[in-house]
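Undergrad: First the structure, then my questions, so here it is.
The values are calculated or read from the model by the stated rules, or taken from the named source; none is laboratory data. Quantities reported herein were computed from a predicted structural model and do not represent experimental measurements. Counting neighbours? That spans all protein chains shown, and the Cβs are built from the backbone with ideal geometry, glycine included.
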Amino acid sequence: MQLARWLERLALRADETIVDRLLALSPEDRQRLLRETPRKYLQELDERWYQWAHAGQREPPGDWPVWLIRAGRGFGKTRAGSEWISEMARRMPGARIALVAANENDGMRVMIEGPSGLLAVARADEAPQWRYRLFNVAGAGASRDGMRIGGDFVALETGAAERVRVDGAGNVGIGTASPGNSGGFNRQLHIQGDYPCLTLGGNVAARSYSLGVNGGGEFAVWDNQAAAASMQIAAGSGAVAFRGSLLQLGGVSGPQGVPTRISLDTSYANSPAPTNQQLKLNLVPISGTEAYGWTVDNLGRFWHYAGNSVGPTGGHIFATGNTARWQLVTAGHFQPAVDNVHSLGGAGNRTTVVYAATGTINTSDAREKAWRGAADAAEVRAGRRIIAELGFYQWNDAIAAKSADDARYHFGVRAQRVWEIMADEDLIDPIDAEGRPGATPYAFLCWDAWEAGDEAGDRFGIRPDQLTLFLIAAQEARLAALEAAA
């Protein structure tokens, strides 16, 4: 069914609209009529606004110079004007039609962009293009905000001052009239060249940095003052390369209490061995060249250095609780930071084996001792009885791991048995019913307890060097008694 035939079925009078006729039909006839009409005809009918307009919205007949619609709100004045202008544009393609409003905002908000404006009444097959342009061809500093076009630039101005400029080379600057200048930046955002580039400048003269893509396709941070790349990200692989210090934090107090910077480097001018470094953390006094730092080399070795020497005077310090505990000195010795304070291991944190080319040295300086004298008779008797307790044994852990046949034999004493003999001679307090020993003045008798959650426990022990000397003294007393009786 063609749209013209469909309209003939409505049999409209000259003063009657489609809306009038559809409303005159019964609901059933109206629904049937609309249901039988193809969608494309309904769309075209909807866009033939003059068929729906009331008499006051239709273009008056005759040759008239002015069409005035004088009515209140809701009459449809804006819709009538938009539809009439759209129809004139269809009839006369390329025509120049002026829109006149009380002010610029009303012209855009109501006549163009409003719900009854030109953009809203455009037909489905029309694609009107709306470009808002405000040109101010006056000189810089004019009181009117807007766009200013010069001989080889376009600028935006607000508050009687230029804010954005695009120069003849395509450079874009914010806060500057010279976006192509590499020095003297002041709040500048600068995009330039054949490759994307963002330049940021501060108030420091000739100091600016550019972020962009270089000729090799790498993203780079460029120091315009030093004329060198500070950072590069390689295209494809995404690898990041830094020139000089990777990271610097200023105002940090250094080892001598002077202001320093902390830098993370892949190279350092005053760097000592190792020279093939993979990562370095430097602590560098700002006013000096001496550096303190830590380095991991290409072999995964960890180094600590001061100035040009690996390992500073005083050593690589290991500290807890803001107190130095251990140090690794430049000669390679690992030692406590304070004399005769810290233990190596504990009753609940033992090492298995200590390998050494020579035995341990126990200092025995007479100047540091209050001498008591030789063993008395009770001590000699205890020593003789302890000698009788010497024998072979196997560790239970070794039996569990290797079996009784394969666990190795050790020779020595059982600490609890030594304790019992010393107590039996009234030299120390006995072990109580809970297995805890009493007080003892003898250093070769040891007992330690520890609290570590589920791993809490206790352990008996001896100092074998002192116990051995004690047993030698008891044996010497026995030999002396035999010799005296002979």
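Undergrad: Looking at the stretch 373-394, can you tell me whether even one residue there is in contact (Cβ under 8 Å) with a residue 40 or more places away in the chain, outside any strand (DSSP E or B) and not assigned by TED's automatic domain parsing to the domain that holds A423?
TA: no
Undergrad: Out of the stretch 103-118, which residues are at pLDDT 80 or above, assigned to a helix (DSSP H, G or I) and either farther than 15 Å from W84 by Cα or touching a helix residue (DSSP H, G or I) at 6+ places or on another chain (Cβ under 6 Å) (or both)? Break it down stepwise before answering.
TA: From the stretch 103-118, those at pLDDT 80 or above are 103, 106-118; that's our starting set.
Checking the rest, the ones that are also assigned to a helix (DSSP H, G or I) come to 106-112, 118.
Residues satisfying the conditions are D106, G107, M108, R109, V110, I112, L118.
Undergrad: Hey, another quick one. Filter the stretch 361-388 down to the residues that are surrounded by fewer than 14 Cβ atoms within 10 Å (Cβ to Cβ) and of a type in the set (D, E), then identify the one that is farthest from P430 (Cα to Cα).
TA: D365
Undergrad: Among the residues of the stretch 66-77, are any modelled with pLDDT of 90 or more and either touching a strand residue (DSSP E or B) at 6+ places or on another chain (Cβ under 7 Å) or not in a loop (DSSP other than H, G, I, E, B) (or both)?
TA: Scanning the stretch 66-77 turns up at least one residue that is modelled with pLDDT of 90 or more and either touching a strand residue (DSSP E or B) at 6+ places or on another chain (Cβ under 7 Å) or not in a loop (DSSP other than H, G, I, E, B) (or both).
Undergrad: Still on this structure, I have one more. Quick check, is W447 part of a strand (DSSP E or B) and within 30 Å of G359 (Cα to Cα)?
TA: Values: part of a strand (DSSP E or B): yes; within 30 Å of G359 (Cα to Cα): yes.
Here the answer is yes, as W447 does meet what is asked.
Undergrad: Which of the residues belonging to the stretch 325-337 are assigned to a loop (DSSP other than H, G, I, E, B) and surrounded by 12 or more Cβ atoms within 10 Å (Cβ to Cβ)?
TA: Residues of the stretch 325-337 that are assigned to a loop (DSSP other than H, G, I, E, B), as a first pass: 329-333, 337.
Within the stretch 325-337, V329, T330, A337 meet the criteria.
Undergrad: Scanning for something surrounded by 10 or more Cβ atoms within 10 Å (Cβ to Cβ) and modelled with pLDDT of 70 or more, does the stretch 298-311 turn up at least one residue?
TA: No, every residue in the stretch 298-311 fails to be surrounded by 10 or more Cβ atoms within 10 Å (Cβ to Cβ) and modelled with pLDDT of 70 or more.
Undergrad: Answer yes or no: is there a residue in the stretch 91-102 that is without any contact (Cβ under 8 Å) to a residue 60 or more places away in the chain, part of a helix (DSSP H, G or I) and surrounded by fewer than 16 Cβ atoms within 10 Å (Cβ to Cβ).
TA: In the first step, residues of the stretch 91-102 are kept if they are without any contact (Cβ under 8 Å) to a residue 60 or more places away in the chain; the result is 91-102.
Narrowing the set further to residues that are part of a helix (DSSP H, G or I) leaves 91.
Then keep just the ones that are surrounded by fewer than 16 Cβ atoms within 10 Å (Cβ to Cβ); that gives 91.
Checked against the condition, which is being without any contact (Cβ under 8 Å) to a residue 60 or more places away in the chain, part of a helix (DSSP H, G or I) and surrounded by fewer than 16 Cβ atoms within 10 Å (Cβ to Cβ), the stretch 91-102 yields at least one hit.
Undergrad: Out of everything in the stretch 43-76 that is within 59 Å of the chain's Cα centre (by Cα) and over 17 Å from D20 (Cβ atoms), what residue ends up being surrounded by the most Cβ atoms within 10 Å (Cβ to Cβ)?
TA: E47
Undergrad: Looking for whichever is over 16 Å from A347 (Cβ atoms) and aliphatic (A, V, I, L, M) here; the options are I428, I462. Which one fits? Lay out the reasoning, then the answer.
TA: Numbers: I462 fails: over 16 Å from A347 (Cβ atoms).
Of the residues listed, the single one that is over 16 Å from A347 (Cβ atoms) and aliphatic (A, V, I, L, M) is I428.
Undergrad: Let me ask something additional. Inside the stretch 20-61, can you point out the residues that are outside any helix (DSSP H, G or I) and under 25 Å from L118 (Cβ atoms)? Full working, then the answer.
TA: Step one: filter the stretch 20-61 for residues outside any helix (DSSP H, G or I), giving 25-26, 37-38, 48, 52-54, 58-61.
Listed by number, the residues that qualify are R48, W52, A53, H54, R58, E59, P60, P61.
Undergrad: Just to be sure before I move on: is F411 surrounded by 13 or more Cβ atoms within 10 Å (Cβ to Cβ) and not in a loop (DSSP other than H, G, I, E, B) in the structure I sent? Lay out the reasoning, then the answer.
TA: Details: surrounded by 13 or more Cβ atoms within 10 Å (Cβ to Cβ): no; not in a loop (DSSP other than H, G, I, E, B): yes.
No: the conditions fail for F411.
Undergrad: Inspect all residues belonging to the stretch 391-398 and state whether any of them is under 25 Å from Q475 (Cα atoms) and either surrounded by 10 or more Cβ atoms within 10 Å (Cβ to Cβ) or modelled with pLDDT under 95 (or both). Walk me through how you get there before you give the answer.
TA: Step one: filter the stretch 391-398 for residues under 25 Å from Q475 (Cα atoms), giving 391-393.
Next cut, either surrounded by 10 or more Cβ atoms within 10 Å (Cβ to Cβ) or modelled with pLDDT under 95 (or both) only: 391, 393.
Yes, the stretch 391-398 contains at least one residue that is under 25 Å from Q475 (Cα atoms) and either surrounded by 10 or more Cβ atoms within 10 Å (Cβ to Cβ) or modelled with pLDDT under 95 (or both).
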